[in-house]
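Trainee: Submitted below is the structure of interest, expressed as structure tokens.
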Amino acid sequence: MSYREEVKRITSTSETPGEAKERLLAIDGRYPEKPLAKIHLGVLYLMEGRLEEAGAYLERALAFEKKEKLTEEEYYLLYGALSDYYTRKKDYASARSYAERALARSAEDALGIGVLLARSMVHLDDTEGAGAQYRAQWETKRDFFTQEDLTYFMRYLQEKGEWKPLREVALYSVERYGYRRGDGLILSSIAEKEGDWEESILWAFLDLWFLYKEGLYDRGAVVSRLNSVRETLLENRVKETEFSSALLFCRRIIEEEWDLGASLLEEFKTDNRTLPVSEFFRCIVAFHRERPVDISTLQEYVELEPFFKTQGIFYYYLWWAMSKGEGKYTFSTVQKVLEKAIYLLPADSEYQKESRSEIVRLLGLSPETTRYLLVTPEIDRTIEAFRQSGEKSLLRPLAYLLTLENNPYVDYAIQQLRQFSSFYDVKAYFEKIIPDPPARYRIRLQEIFGS
């Protein structure tokens, strides 16, 4: 079997990147002056974020490329990986050069190197070139766009006044990366430019509604904002028939007048009834009106998760509606939903507290447990924060968690803390932090650190 055939077999038959790397290192040791294994090793190290190792292997592959003729596909992989490497190193001139060389070797561009080329152009202040390149990549390579790429492309389209494609990109960004604060205002301004006041109001209200639900606005402030919008539109000679249904709907939602809200939804223009924001509020209204909540409504709501996966209030309403439905409602069926709600909602907010209390109820724990209970993603976040900083005080919430009655989160915390079983300073911290701890706390410390 030839060297090239052996490398190809390794990359196609290895079950994990770790296995592939081990086998590639072995063959690279046998053929130190051949480039192909080095290219694949560079790519694997890039995937791991180990830039120094990646750069070393890719540069060595480049040094040896003349000793063994590479195929067009292999040159494309080498130059594309180098473009990725230099992008991460913020050497955008080199990144652009290698991206152009990669694209010259492959018309198909299976790795989306054209997007890297556009990104490098942005950082080299070639705004027009970057915008044109993003536009060329959009239809077939949009899945390679990062959030940064989408932001740059949207800015370019906004400067050009191309509202229809800007709307498409903005909606794709929200669906792919989840709704971020301010996205509603962006989509609102696009709809305004297109003259759709109904859609504009709905998107702007969504941002306002999230702030209201997180306790950052009270009901009176939201109503005042809605009144100001109406006055501004009338002053600008916008016909009230173009926005009245949307403004009234927003008012009914804030006032929790669900039947009136449902009827106003049906007055929206046909296209606006299928917007993610309209579907979202349609489900919220239905959750409050249906008893039991219909399974089809829950299914429609779950389909909106890609848009709202970053919003804790989305998951709050999901578990709340599940509890009002006819389906099986137990800790195991709703655990992940409750955990996402708790993790994403603002700390100590009303809805986070209610979600945490629901876990306590479902597990049959005493209400006092709620104060110190942490869920899986919170435990992971705490552990990672300590690993990054070494600051032992960050572990304080885990210590109090260990004082609670038996539950799955105590077990998970014990399992995760065992990675620090040989850290004597961590053990000493846990032994001192809780004044007069219960006996189960001392037993759990023994499970973690030994006697």
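Trainee: Please verify whether I383 is free of Cβ contacts under 8 Å to residues at least 60 places away in the same chain and buried (at least 16 other Cβ atoms within 10 Å of the Cβ), treating the condition exactly as stated.
Mentor: yes
Trainee: Could you please find all residues in the range 126-172 being more than 24 Å from the chain's Cα centre (by Cα) and assigned to a loop (DSSP other than H, G, I, E, B)?
Mentor: D126, G161, E162
Trainee: Limited to the range 359-368, what total is found for residues that are in contact (Cβ under 8 Å) with a residue 12 or more places away in the chain and surrounded by fewer than 21 Cβ atoms within 10 Å (Cβ to Cβ)?
Mentor: Residues that pass the stated criteria total 5.
Trainee: Okay, next question. Tell me, please, whether a residue that is buried (at least 17 other Cβ atoms within 10 Å of the Cβ), touching a strand residue (DSSP E or B) at 6+ places or on another chain (Cβ under 9 Å) and not hydrophobic (A, V, I, L, M, F, W, C) can be found in the range 297-316.
Mentor: Checking the range 297-316: at least one residue is buried (at least 17 other Cβ atoms within 10 Å of the Cβ), touching a strand residue (DSSP E or B) at 6+ places or on another chain (Cβ under 9 Å) and not hydrophobic (A, V, I, L, M, F, W, C).
Trainee: I'm checking my understanding of the structure. Among residues of the range 87-125 that are within 17 Å of T140 (Cα to Cα) and of a type in the set (D, E, K, R), which one is farthest from the chain's Cα centre (by Cα)?
Mentor: E108
Trainee: Of the residues that make up the range 29-41, is at least one modelled with pLDDT of 95 or more, basic (K, R) and buried (at least 17 other Cβ atoms within 10 Å of the Cβ)?
Mentor: The answer is yes; a qualifying residue exists.
Trainee: Would you check which residues across the range 375-388 are part of a helix (DSSP H, G or I) and under 24 Å from L345 (Cβ atoms) and list them?
Mentor: Result: T376, P377, E378, I379, D380, R381, T382, I383, E384, A385, F386, Q388.
Trainee: Taking the options L157, L111, L166, name whichever one is over 30 Å from D271 (Cβ atoms), in contact (Cβ under 8 Å) with a residue 24 or more places away in the chain, buried (at least 16 other Cβ atoms within 10 Å of the Cβ) and touching a helix residue (DSSP H, G or I) at 6+ places or on another chain (Cβ under 7 Å).
Mentor: None of the other options fit; the residue is L111.
Trainee: Continuing with the same structure: Would a scan of the range 404-418 turn up a residue that is without any contact (Cβ under 8 Å) to a residue 24 or more places away in the chain and more than 27 Å from Y316 (Cβ to Cβ)?
Mentor: Yes - at least one qualifying residue is present in the range 404-418.
Trainee: Restricting attention to the range 4-19, which residues are within 21 Å of F64 (Cα to Cα) and touching a helix residue (DSSP H, G or I) at 6+ places or on another chain (Cβ under 7 Å)?
Mentor: Hits for the range 4-19 are R4, E6, V7, I10, T11.
Trainee: Let me ask something else about it. Residue by residue through the range 325-354, note down the ones that are out of contact with any Pro (no Cβ under 9 Å at 6 or more places or on another chain), touching a residue at least 40 places away in the same chain (Cβ under 8 Å) and surrounded by 15 or more Cβ atoms within 10 Å (Cβ to Cβ).
Mentor: Correct list: L345, S349, Y351.
The values are calculated or read from the model by the stated rules, or taken from the named source; none is laboratory data. Not measured: the values here are computed from a predicted model. Ideal geometry is used to build each Cβ from the backbone, glycine not excepted, and the neighbour counts take in all protein chains shown.
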